[in-house]
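Engineer: Below are the structure tokens for one structure; questions will follow.
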Amino acid sequence: MALTETSLSIRRVLVLEDNFIIAMEAEDILRSLGVEHVEIAGNLAEAGVLIEAQPFDFALLDVNLGSQTSFDFAALLAARGMPFGFVSGYGENSFFPAALRKIPHITKPFDESSMARLLAAATAGQP
């Protein structure tokens, strides 16, 4: 099952989410899926510090971070070859930059099932 494969290949996750309650919910779900280590960043600056300080297998990016989006950060992750996926309160991805429209995403509210699908889709083809 993809869930088992995902939980085995993804051990360290960065969650970029400006709403602390949603970030904690994401952490709980990720841990239930077998993720061993979760770091939460509430803004782009914190996320940048975290990815420079330690390796991650995956990043979960909230699209809307108040007055900013996570799109530039996503481009940085893509350039590094780091798998990531988006979480958004918006169902349609037409406002995503063209280069990011095929990146897997789920909508809020999310649950264990949608998170497992996101992890599996975002890491498909990764070693």
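Engineer: Just for region 35-55: of the residues that are more than 19 Å from His105 (Cα to Cα) and of a type in the set (A, V, I, L, M, F, W, C), which one is surrounded by the most Cβ atoms within 10 Å (Cβ to Cβ)?
Structural biologist: Per the criteria, the residue is Ile51.
Engineer: For region 18-29, give me each residue that is open to solvent by 30 Å² or more (accessible area, probe 1.4 Å), touching an Asp or Glu at 6+ places or on another chain (Cβ under 8 Å) and in a helix (DSSP H, G or I).
Structural biologist: Ile22
Engineer: Among the numbered criteria (1) at pLDDT 95 or above; (2) open to solvent by 20 Å² or more (accessible area, probe 1.4 Å), which one does Leu14 miss?
Structural biologist: (2)
Engineer: Conditions: (1) within 14 Å of Val13 (Cβ to Cβ); (2) over 15 Å from the mean Cα position of the chain (by Cα); (3) surrounded by 14 or more Cβ atoms within 10 Å (Cβ to Cβ). Ser32 meets all but one. Number of the miss?
Structural biologist: Condition not satisfied by Ser32: (3).
Engineer: Given the options Glu46, Glu39, Glu25, name the one that is more than 18 Å from Ala122 (Cα to Cα), touching a strand residue (DSSP E or B) at 6+ places or on another chain (Cβ under 7 Å) and modelled with pLDDT of 95 or more.
Structural biologist: Glu39
The values are calculated or read from the model by the stated rules, or taken from the named source; none is laboratory data. Just so it is clear, the model here is predicted, and its values are computed rather than measured. Methodologically, a virtual Cβ is constructed for each residue, glycine included, from the backbone with ideal geometry; neighbour enumeration extends over all protein chains shown. For accessibility, only protein heavy atoms count, side chains too; no ligands or nucleic acids. Shrake-Rupley method; radii C 1.70, N 1.55, O 1.52, S 1.80 Å.
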